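Please read the structure below before turning to the comments.
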Amino acid sequence: MHIKLFTHTDLDGVGCEILTRLAFKDVDIEHSEPDTINDQLSRFLSKGNHQSYSKIIITDISVNDEIAAKINKTLKGNCILLDHHKTAEKLQKYPWAKIIVRSEEGLECGTSLLRKHLKEEGVYRGEYDDFVELVRRYDTWEWKSLFNDKRSKQLNDLLSIYGIEEFVTRMLDYLKQSPIIDFDDSDLLLLKRKEEEYKHYYSNKQSSLFTTCIGSYKAGVVFADRFVSELGNDLAEANTKCDFIVLINLDRGIEYRTVRGDVNLGQIAEIFGGGGHQKAAGSPISLEEKKRILELIFSKANFEN
Ligand SMILES: [Mn+2]
């Protein structure tokens, strides 16, 4: 089986890569962000590259209507899209798209949905359940809200420490030795250093947080490009007067986090061209918007050189 996988770049997306690499020998991976996936698939399909693969798998990310229609026309039975973001539910009408936010087993994530799929295909027998659960707890934030599972958080930290490629190699090594991941001394040392770094970063961001109104909401805003989920959550917990926290990274877009139950960030992010979950969502910053920001910053440049 020659497999092509398009997957998200966070721990959940990378978890899908790891399960796919464990299940199949011959795998080509393309990492995707919500604002690149449609172009990537459009290129892939128009070049006819799909013909050399026995299956195209798309995980933890979804596509727009135009690409969905193209997939439906050209790939059909050769494609499966697995996502757990509520905003992807409109793809449900296609038989190759499985969008499941919550099942009888609880909140799902991309990796747990892929596990189900691989089980149905007969290429997974429960070997890596511990790993899948660590990923699921992190992605659904249950590591914090239900389990206080430090290993789950550490797994995510290791991804940002090592970067995708090295992280995948290490995890594959671990999982081939034992189904329960046991971090080694160098992992633990790096994790400790990262924790200290985060503390410093957090206090910095907390002191530079400012508030603004977004519609009828009061939002706490920071510019941040690191520790985004953790920082967003901790800032939301610490700044209870804000309905939610907005984390802006001009390169990668906007992230929204809240700990409140009466705000739906998925809906708010959708207004700005993004999507996500009730308590965690994201939206892109378009090139047009970036240009306007630059114009604003340099608007006083009415001098001549
Ligand atoms: Mn996910």
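None of Asp243, Asp251 is under 22 Å from Glu197 (Cβ atoms) and either out of contact with any Phe, Trp or Tyr (no Cβ under 9 Å at 6 or more places or on another chain) or modelled with pLDDT of 95 or more (or both) except Asp251.
Only one of these is in contact with a Lys or Arg (Cβ under 8 Å, 6 or more places away or on another chain) and farther than 19 Å from His8 by Cβ: Tyr138, Tyr124. Name it.
Working: Tyr138 fails: farther than 19 Å from His8 by Cβ.
Residue meeting the stated conditions: Tyr124.
Just name the residue that is nearest to His277 (Cα to Cα) out of those in the range 234-251 that are part of a helix (DSSP H, G or I) and out of contact with any helix residue (DSSP H, G or I) (no Cβ under 7 Å at 6 or more places or on another chain). It comes out as Ala236. Note on the range 283-298: residues that are free of Cβ contacts under 8 Å to residues at least 40 places away in the same chain and in a helix (DSSP H, G or I) total 9.
Comparison of Asp65, Asp60, Asp26 shows that the only residue that is within 22 Å of the chain's Cα centre (by Cα) and open to solvent by 10 Å² or more (accessible area, probe 1.4 Å) is Asp65.
The number of residues in the range 1-30 that are farther than 18 Å from Ser160 by Cα, touching a residue at least 40 places away in the same chain (Cβ under 8 Å) and touching a strand residue (DSSP E or B) at 6+ places or on another chain (Cβ under 7 Å) comes to 9. Residues that are closer than 25 Å to Phe272 by Cβ and not polar (S, T, N, Q) occur in the range 41-56; there is at least one. Among the residues of the range 75-94, those that are modelled with pLDDT under 90 and surrounded by fewer than 18 Cβ atoms within 10 Å (Cβ to Cβ) comprise Lys76, Gly77. Mind checking whether some residue in the range 214-226 is modelled with pLDDT of 95 or more and part of a helix (DSSP H, G or I)? The answer is no, given that none of the residues of the range 214-226 is modelled with pLDDT of 95 or more and part of a helix (DSSP H, G or I).
Quick one: which strands (runs of 3 or more DSSP E) sit completely within the range 1-117 and have at least 2 residues that are within 12 Å of the ligand (Cβ to nearest atom)?
Details: elements: 2-8, 26-32, 55-59, 79-83, 97-99.
Counting at least 2 such residues, we get 2-8, 79-83.
Picking from residues in the range 118-129 that are outside any loop (DSSP other than H, G, I, E, B) and either in contact with a Ser or Thr (Cβ under 9 Å, 6 or more places away or on another chain) or among the basic types (Lys, Arg) (or both), the one that is surrounded by the most Cβ atoms within 10 Å (Cβ to Cβ) is Leu118.
The values are calculated or read from the model by the stated rules, or taken from the named source; none is laboratory data. Only a predicted model underlies this, so the values are computations on that prediction, with no experimental measurement involved. In this analysis, Cβ positions are derived from the backbone assuming ideal geometry, glycine residues included, and neighbour counts consider all displayed protein chains. Surface accessibility is based on the protein's heavy atoms, side chains included, excluding ligands, DNA and RNA. Shrake-Rupley method; radii C 1.70, N 1.55, O 1.52, S 1.80 Å.
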